[in-house]
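To start, the structure under review is shown below, and the notes come after it.
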Amino acid sequence: MKKLIEQTNSPSVTRLLVASNNGGKIREIRALLNGVDVVCPDDLNLNLEVEETGSTFVANAALKAHAFASETGLIALADDSGLQVDALDGAPGVFSARYGGRGLDDVGRYRLLLEHMEAFPDPKQRSARFCCTLFAAAPDGRTCQAEGTCEGRIAHAPSGQHGFGYDPIFFLPEHDCTMAELAAQQKNALSHRAKALEAVYPALQKTFPELAL
Ligand code: IMP
């Protein structure tokens, strides 16, 4: 399935593939990379599931970026991210998408997490952070990466309709609301993903000049 798409009208400019099947992540990365020629697996009719066998965000992001790059012949940008809760020794962490098993959806997962947090009612016991590693890989082996985090705490009940995943239970004390109560633009000004993207951008420019960022 090499070279799935035309590389745009200009032979020197290459499209960037977002190596994810998560609609929430794709939406945010597209908005954050506003103006960049970004494609996602759906645009290519590409159905590729990469098993996340790594024990760290960076290991899993690297697995996904290399798999999508070698499958498509494009530069692929993968996001591996998750929620670390201090009272739960960092869980769900790299297992955030699989917390409670494959049968649960986003709501089922954050409900389960709220249950596990009932033993920790004091706000001081409920500190947590979102972590994001962005890892870009080209089919020829070039790579770059960066990380971003966003500190907060686990709310006692879900609130808000925006975002995805654990956003409704992630409380931001400085904003006195959950991540899901922020509009997309507000989340994209402070999120772990936004910070990782800001950090990786200069490396993307340097490592992949053909992206013309
Ligand atoms: P993975 O990177 O595919 O392993 O999945 C990361 C999981 O972490 C997502 O499925 C969400 O459950 C959670 N997650 C990552 N980033 C966010 C975010 O910005 N908001 C809410 N949940 C997130």
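What the table shows:
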{"quantity": "Some residue of the range 110-129 being under 19 Å from Ala61 (Cα atoms) and either buried (at least 19 other Cβ atoms within 10 Å of the Cβ) or within 14 Å of the ligand (Cβ to nearest atom) (or both)", "calculated": "yes"}
{"quantity": "Residue that is farthest from Ala128 (Cα to Cα) [pool: residues in the range 172-182 that are in a strand (DSSP E or B) and either within 13 Å of the ligand (Cβ to nearest atom) or polar (S, T, N, Q) (or both)]", "calculated": "Thr178"}
{"quantity": "Cross-chain or 6+ apart pairs with Cβ under 6 Å, the range 157-171 first and away from the ligand (no atom under 11 Å from the Cβ), then part of a loop (DSSP other than H, G, I, E, B) and at pLDDT 95 or above", "calculated": "Phe171/Ala155"}
{"quantity": "Complete set of residues in the range 1-30 that are at pLDDT below 95 and among the small types (Gly, Ala, Ser)", "calculated": "Ser10, Ser12"}
{"quantity": "Pairs, first aromatic (Phe, Trp, Tyr) in the range 84-110, second modelled with pLDDT of 95 or more, C-beta under 6 Å, six or more apart", "calculated": "Tyr99/Pro92; Tyr99/Arg109; Tyr110/Tyr166; Tyr110/Ile169"}
{"quantity": "Of all residues making up the range 25-84, the number that are in contact with a Cys (Cβ under 9 Å, 6 or more places away or on another chain) and farther than 23 Å from Ala194 by Cβ", "calculated": "1"}
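The values are calculated or read from the model by the stated rules, or taken from the named source; none is laboratory data. Model, not experiment: these values are computed from the prediction. A quick note on method: Cβ atoms are made from the backbone with ideal geometry, for glycine too, and the neighbour counts reach across all protein chains shown.
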